[in-house]
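Input: a single structure, listed below in structure tokens.
The values are calculated or read from the model by the stated rules, or taken from the named source; none is laboratory data. Computed from a predicted structure; not experimentally measured. In this analysis, Cβ positions are derived from the backbone assuming ideal geometry, glycine residues included, and neighbour counts consider all displayed protein chains.
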Amino acid sequence: MPADGDKLPPGEVPAWRTRVQYAVDADGRAGLRKHRSHEVQPIDHCLIAAPGVSELGVEKREWPQMAAVEAITATGSNDRQVILTPRPGGRLPLVELDKPVSVLRVDEKDGGVHRVHGRAFVRERADDRTYRVGSGGFWQVHPQAANTLVRAVMQGLLPRKNDTALDLYWRRRPLRRRHRPAHRREGRGARHRVRQARGRGRPPQPEGPGPRPHRTPARSTRSCPAPASPSAT
């Protein structure tokens with residue numbers, strides 16, 4: 001299911017990726033790893049990076065003693081964030097980018113992500129709700145992916161009061177947040193009885209910590225992936 005704005009004239013690339021992980025070479029230049037290689041190719045601009053990422057100017061700066069720089073721009077707010085991964089024994093540089101940004105670092109010993117200054121989260125918006133995505137937390141990189149997924153599932157289910165739904169994968173946060181208040185868990189399995197369809201009679205949740213975001217198992221700095229439309233699967 002393509003999202004709005006995904007179809008472009010031939011030769012144009014959709015700039016939609018809201019999270020870009022740059023590798024840093026020995027000279028402190030940000031770039032991307034070549035295909036099936038650890039070699040870093042410095043770049044001036046990631047073609048599929050969202051405007052909020054490109055506006056930071058990560059590629060124009062030098063990143064001495066860093067192994068990787070991840071740039072994040074939220075789709076539901078003006079929040080921007082960079083996560084720095086130092087080389088062994090490396091010290092953090094002074095971060096001066098073209099836009100205000102929160103700075104976090106990956107700990108060399110335990111791999112945890114810690115706040116240096118600014119917010120430790122970014123505020124994302126989906127299905128008329130605001131979510132706080134913590135440092136290292138997962139969120140769809142396409143700005144319309146979460147809404148597209150929720151819309152596709154709701155259109156396919158068309159749930160009504162007293163319907164029974166079997167959920168096989170309960171990790172997609174917008175869907176989990178949307179349905180959890182409307183379900184009554186039956187036993188230890190994933191079977192639920194819908195008590196209220198589509199959240200009727202319940203106002204949207206105000207911004208808050210919400211469910212704890214799960215961590216991505218590993219941080220990758222491989223080459224920028226080819227653009228693709230968000231899928232409902």
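Numbers below:
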read-out	value
Odd one out for Pro88 among (1) free of Cβ contacts under 8 Å to residues at least 12 places away in the same chain; (2) over 21 Å from Gly118 (Cα atoms)	(1)
Per-region count, segment 106-128, residues surrounded by fewer than 19 Cβ atoms within 10 Å (Cβ to Cβ) and not in a loop (DSSP other than H, G, I, E, B)	6
Among (1) touching a helix residue (DSSP H, G or I) at 6+ places or on another chain (Cβ under 7 Å); (2) free of Cβ contacts under 8 Å to residues at least 60 places away in the same chain, the one test that Leu56 misses	(1)
Qualifying residue in segment 43-59 (condition: modelled with pLDDT of 95 or more, assigned to a strand (DSSP E or B) and under 18 Å from Val106 (Cβ atoms))	no
Among (1) in contact (Cβ under 8 Å) with a residue 24 or more places away in the chain; (2) part of a loop (DSSP other than H, G, I, E, B); (3) among the small types (Gly, Ala, Ser) - the single one Ser37 does not satisfy	(1)
